[in-house]
Amino acid sequence: MHTVLSSANRTVTIGHDQPFCVIGERINPTGRKLFQEQLRRGDLSRVEIDVAEQVAGGAMVLDVNMGTPLADEAALMVSAVKLVQSLTDLPLCLDSSIIEVLDAGLAAYRGKALVNSVTAEDERLAAILPLVKRHGAAVIGLPNDEREIPDDPRRRVELAGKIIDVATGRYGIPIEDIVIDPLAMPIGADTTVGIKTLETIALLREKFGVNMTFGASNVSFGMPDRHTLGAAFLPMAIAAGLTSAIMDARSPQIVRSVKAADVLLDHDPWGSAWIAAHRAQQAQAQQAGT
């Protein structure tokens, strides 16, 4: 099952037989006080830096979140979408919990975007899925509802099934355009949650065959040496069936771990991309030495 995203002139295919899709997480003001202040002034210069760093790091899709208190988030999203699309041809993942922001961003976007995200709550499904259908986008589904963020992997799968059923049956969204988030929770609060996420991924792949993504940084939140934890957990998740992640594309350690997983799981035939990247790195080092 392939989820195809596009910009005006590039496509990216997410699938179990494809290289792992790195979705850059950095264009997000959460926890970035200076960036928030800049956005409130309408200053998007930091976005240009974030785009350049993530493209250089190997991002294949860029997540764009403009959630800033006391700012016109819809206007910022439109400006950010236009700016990012002028800087790179990578497809975008438009990230907001506000309907008007998503609608404005999708209207400004050239191509087929990924929407982040919709939950299994009836009200959210009824509000967001029509936007996804109207704009021909793909969507990330979070398997939680009004009552709970489930701890039990089987309950997560049930709620994922609800999202898939409503999206495909009521709104005619193709199942390949539904990317499920198996819910990666912080291991700093409970070290069993990593195992539960891996079990959820395996169950989702077996039952639905859908593509999956999660916020990779969530796993290590509150723990020291977060990049090492992320670099260890992501290959485990990929082996279980994860096909993309919203992650720090600026971290060579984490990006190399998923590229290595591609080689080991035969998603990089003959290791050609791995070898080419290594040779490019060697050439760059030699050039720097001269």
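I need the full set of residues from region 239-250 which are touching a Ser or Thr at 6+ places or on another chain (Cβ under 9 Å) and either surrounded by fewer than 24 Cβ atoms within 10 Å (Cβ to Cβ) or under 17 Å from ASP190 (Cβ atoms) (or both), in order please.
Within region 239-250, the subset touching a Ser or Thr at 6+ places or on another chain (Cβ under 9 Å) is 240, 242-248.
ALA240, ASP248, listed by residue number.
Every residue in region 252-290 that is among the hydroxyl-bearing types (Ser, Thr, Tyr) and either in contact with an Asp or Glu (Cβ under 7 Å, 6 or more places away or on another chain) or farther than 30 Å from PHE208 by Cβ (or both), please. Spell out how you get there, then give the answer.
So in region 252-290, the residues among the hydroxyl-bearing types (Ser, Thr, Tyr) come out as 257, 272, 290.
Passing the criteria: SER272, THR290.
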_Tabulated pairs, region 139-153, first closer than 27 Å to HIS2 by Cα and among the polar types (S, T, N, Q), second modelled with pLDDT of 95 or more and assigned to a strand (DSSP E or B), C-beta under 8 angstrom, 6+ apart or interchain_ = ASN144/THR119
*How many residues, within region 1-31, are of a type outside the set (Ser, Thr, Tyr), at pLDDT 95 or above and under 19 Å from ALA249 (Cβ atoms)?*
16
*asked:* Just to be sure I understand, how many residues within region 186-219 are under 23 Å from ASP248 (Cα atoms), among the charged types (D, E, K, R) and buried (at least 18 other Cβ atoms within 10 Å of the Cβ)?
replied: 1
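If a residue has to be outside any loop (DSSP other than H, G, I, E, B), hydrophobic (A, V, I, L, M, F, W, C) and more than 27 Å from GLY161 (Cα to Cα) to count, how many in region 212-241 make the cut?
Residues in region 212-241 being outside any loop (DSSP other than H, G, I, E, B), hydrophobic (A, V, I, L, M, F, W, C) and more than 27 Å from GLY161 (Cα to Cα): 3 in total.
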*Only one of these is of a type in the set (Lys, Arg) and free of Cβ contacts under 8 Å to residues at least 12 places away in the same chain: ARG110, ARG170, ARG124. Name it.*
ARG124
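The values are calculated or read from the model by the stated rules, or taken from the named source; none is laboratory data. Every value quoted in this text rests on a predicted model; they were computed, and no experiment measured them. Cβ: placed from backbone, ideal geometry, glycine included. Neighbour counts: every protein chain shown.
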